Structures are given as structure tokens and as C-alpha cells.
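Report on the following structure.
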Amino acid sequence: MPTQVETVKQTKKRKLGNSELEVAPLAFGGNVFGWTTDEPTAFKLLDAFVAAGFNLIDTADVYSKWVPGNHGGESETVIGKWLKRSGKRQQVLIATKLGVEMGPDKKGLAKGYILTAVEDSLKRLQTDYIDLYQSHVDDPNTPMEETLEAYAQLIQQGKVRVIGASNYTAERLAEALETSRKRGLPRYESLQPLYNLCERTEYETKLEPLCLENRLGVIPYFSLASGFLTGKYRSENDLSKSSRGSRVKKYLNDRGFRILAALDQVAELHNVTPAQVALAWLIARPSITAPIASATSLKQLEELIAATQLDLGQASIEVLNQASS
């Protein structure tokens, strides 16, 4: 049964940093697989996402370890089963991450651990290569050179195509880029930061100039601030609406309500939803390659995909910038 999702066919792709990877301007966040989205639903969502012309699927080895009874690896496993069943490996870019603790002595970015962790991810993903392999968090206890040498080995072996960083400070990211330059090692081609209308300061003041200067791709996570920017949480009573409600409480303040009011205003003007406006705001920013967003239903996915076709115009962007400054 064709859905509205399938109507968005001509999606212009963007280069990820200086790499050969070209991504459509919205990435699917796989953190919901094995958590709020069961396997059959995940398969439907991924099928629809690819049918609509999108190609970047982001996950991590640790997803979704936080769920009682889970051990990590659940999201990669679901994606691996989908890849095998769908036969769509060549149509997608798989981005995964390592470094967050998976168990005793299973964390960080030491060479030995990277070489083990990648094999575990490849097995779960049922593939022989990862398109974008990302350091999930910085590891100050391992020399930058050691980490990058491990990645160089994986790239040489054809197990990884491109590497990226997530949750790095500007100082540490600059140090990593400098190490790559000096030592002739592969460099991080992308950054995955926390960035959205509610969380602007750290990215815009320090990380964004660095990414622009070095032509890094940027794929921000929590693009909708854990759902707050959809407008469904407007008071403390709304926090019980989903398992992510507890993450939203910090936005229920004067600034948060000001942002929601601006989203409502712009959404009404363009006859769209607040979530679509929040995503379109990110997509319009020159430094952003593709925001990451999750959907748990086809209806939600249609809404996210429609955001990639929304041209807000400078006046609307200014309204949002001022409300969230």
C-alpha cells in the first residue's frame, strides 16, 4: 500500500564532510529500535524511509542498553535483520558508534577495543562494512593517535568507509583533526552533536565555526529535543505521555514556552506542524548536513519527511532565532 511517504522522491543529497558519502537531508535515528519500536514496525519504517529517497540510518552499539532486560546491540540487530530481509544494503548508509560502556572492560577508544567492537557491530548488522563509524564519546585516557591508527587499519581492511566523532568538545575535535593532519591518518569527517532550537549555545559558539572551517559534516541528534519541539509537552501533566517525558522537564520554562510559541506561529503561517518547523530550521542552517530524528509510526515518519521539503524563508527563521536566543 503506497503511503504519502513515497511521494517525496527527489531528495537532493549533501556531501558528508570531504568524504565520498552523500546523504539525504534527514537521518533516521535507530535509538528507538528495541525500545519504543518493535521489529515489525522498525522494518516498515525503514522500508518507507528508503522508498522516500532517504539513505542515512544512525545507530550505536549501546542502543538500547538502558531498557530493562536489554544488553545493548538491540538496535543494530534489528537493522541487521532488516538489511538481510530487504536486500537494501546498497541503498543505505549505515552509521554506528562505539565507546560508551557495553559491559566490564567494554568501553573507550583504545585500539584493541575498537578492533573487537567493530567485529561485534558488523556481526549484529549482518554486513561486512560500516559506512560511518563514530567515536560515541571522547576517551581522554587513550592517545588520539592510537584511536585514529585503529580506524586507519579498519579503513584499509575495507571494514569502515568513513569515521566521525560524536559528543566531542571543540578543543578535542580540533586536536583530533590536527593529529590526523600531522600523522597522515584518516580524519573525522563528521560530528554528531546535541543541537536543536533549545540547545544552541555550545554548538553555535565553538563547534560550528570549527566544522565550517574544516568542512565537516554535521548530523545533530535530539533534533526535536526529545519530543519537546513537537509541541506535545506543554505542562508537567504532559510528561507522562511517553517514556521520554522525563528528558523534557528541563525545557518547561519561560524560554521553552517562548520557543513553542514561535514554533506555533511559524507552523500556522506555513500550515505545517511544530516538529516540521523545528527540523526545517535545522536543515536550513548552512553547517548542518542532516539532522537525526526518530519515528515510531508511519504517520510520524511522513511528518518528518515532509519537513525536508519545507522552505521557511528568512523571516520565519529570524522569528525562531530570536525566540530561542
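Brief remarks follow.
- Using θ = phi - 60° in the Karplus curve 6.51 cos²θ - 1.76 cosθ + 1.60, the 3J(HN,Hα) couplings for the range 297-311 round to 8, 5, 4, 4, 4, 4, 5, 5, 5, 4, 4, 6, 9, 8, 9 Hz; x is entered for Gly and Pro.
- Dimensionless Rg/Rh of the range 186-325 - Kirkwood Rh, Rg from C-alpha atoms: 0.96
- Under 16 Å from LYS106, Cα to Cα: lysines that are on another chain or at least 8 residues apart: LYS65, LYS97
- Calculated on C-alpha atoms, the gyration radius of the range 45-178 divided by its Kirkwood radius gives an Rg/Rh of 0.97.
- Mean residue ellipticity at 222 nm, helices only, the chain: -12000 deg cm²/dmol; runs of at least 4 DSSP H residues each add -39,500 (n - 2.57), and the sum is divided by the number of residues.
- Euclidean distance between Cα centres, the range 264-316 to the range 148-168, Å: 31 Å
- At R0 = 56 Å, FRET efficiency that the Cβ-Cβ distance of TRP66 and GLU318 yields, to 0.05: 0.90
- Based on C-alpha pairs under 8 angstrom that are at least 6 apart in sequence, the chain has a relative contact order of 18 percent.
- Whole-number accessible area per residue in Å² for the chain, which is evaluated in the context of all protein chains at 1.4 Å: 43 Å²
- By definition, a body whose alpha carbon gyration tensor gives a ≥ b ≥ c is oblate when a/c is 1.5 or more and a/b is not larger than b/c, and the range 151-230 fits this oblate description.
- Taking a ≥ b ≥ c as the square roots of the eigenvalues of the Cα gyration tensor, the range 256-299 is oblate, since a/c reaches 1.5 or more and a/b is not larger than b/c.
- Close amide-amide hydrogen proximity is noted between ALA27 and ILE292, ALA293, each under 5 Å apart and 5 or more residues distant or on a separate chain (H modeled in the peptide plane; Pro and chain starts excluded).
- Extending 7 Å from Cα along the Cβ direction at GLU149 and again at ASP128 yields two label points whose distance is 2.8 nm.
- Applying a threshold of 19 Å to the alpha-carbon distances of LYS44/LYS84; LYS44/LYS81; LYS182/LYS206; LYS84/LYS111 flags LYS182/LYS206; LYS84/LYS111 as lying beyond it.
- Hz values of 3J(HN,Hα) by residue in the range 110-117 - Karplus curve (6.51, -1.76, 1.60), Gly and Pro given as x: 6, 4, x, 5, 4, 5, 7, 4
- In degrees, nearest ten, helix 254-270 long axis to first principal axis of the chain (Cα): 70 degrees
- Near the amide H of LEU191, within less than 5 Å, lie the amide hydrogens of ALA165, GLY217, VAL218, ILE219, all on another chain or at least 5 residues away, with H placed in the peptide plane.
- Cα gyration tensor, the chain - rounded (a/c under 1.5), prolate or oblate: prolate
- Karplus (6.51, -1.76, 1.60) ³J(HN,Hα), θ = phi - 60°, over the range 215-220, in Hz, Gly and Pro reported as x: 6, 8, x, 10, 10, x
- R0 of 35 Å, Cβ-Cβ distance ASN253-ASN18: FRET efficiency to nearest 0.05: 0.30
- Surface share of carbon and sulfur [accessible, 1.4 angstrom probe, percent] for the chain: 49 percent
- Antiparallel DSSP beta bridges within the chain, percent to nearest 5: 10 percent
The values are calculated or read from the model by the stated rules, or taken from the named source; none is laboratory data. Given the structure is predicted, the values throughout are model-derived calculations rather than measurements. FYI the Cβ positions are ideal-geometry reconstructions off the backbone, even for glycines, and counts take in every protein chain you see. These area figures cover heavy atoms from the full protein model, side chains too; ligands, DNA and RNA do not enter into them. Shrake-Rupley method; radii C 1.70, N 1.55, O 1.52, S 1.80 Å.
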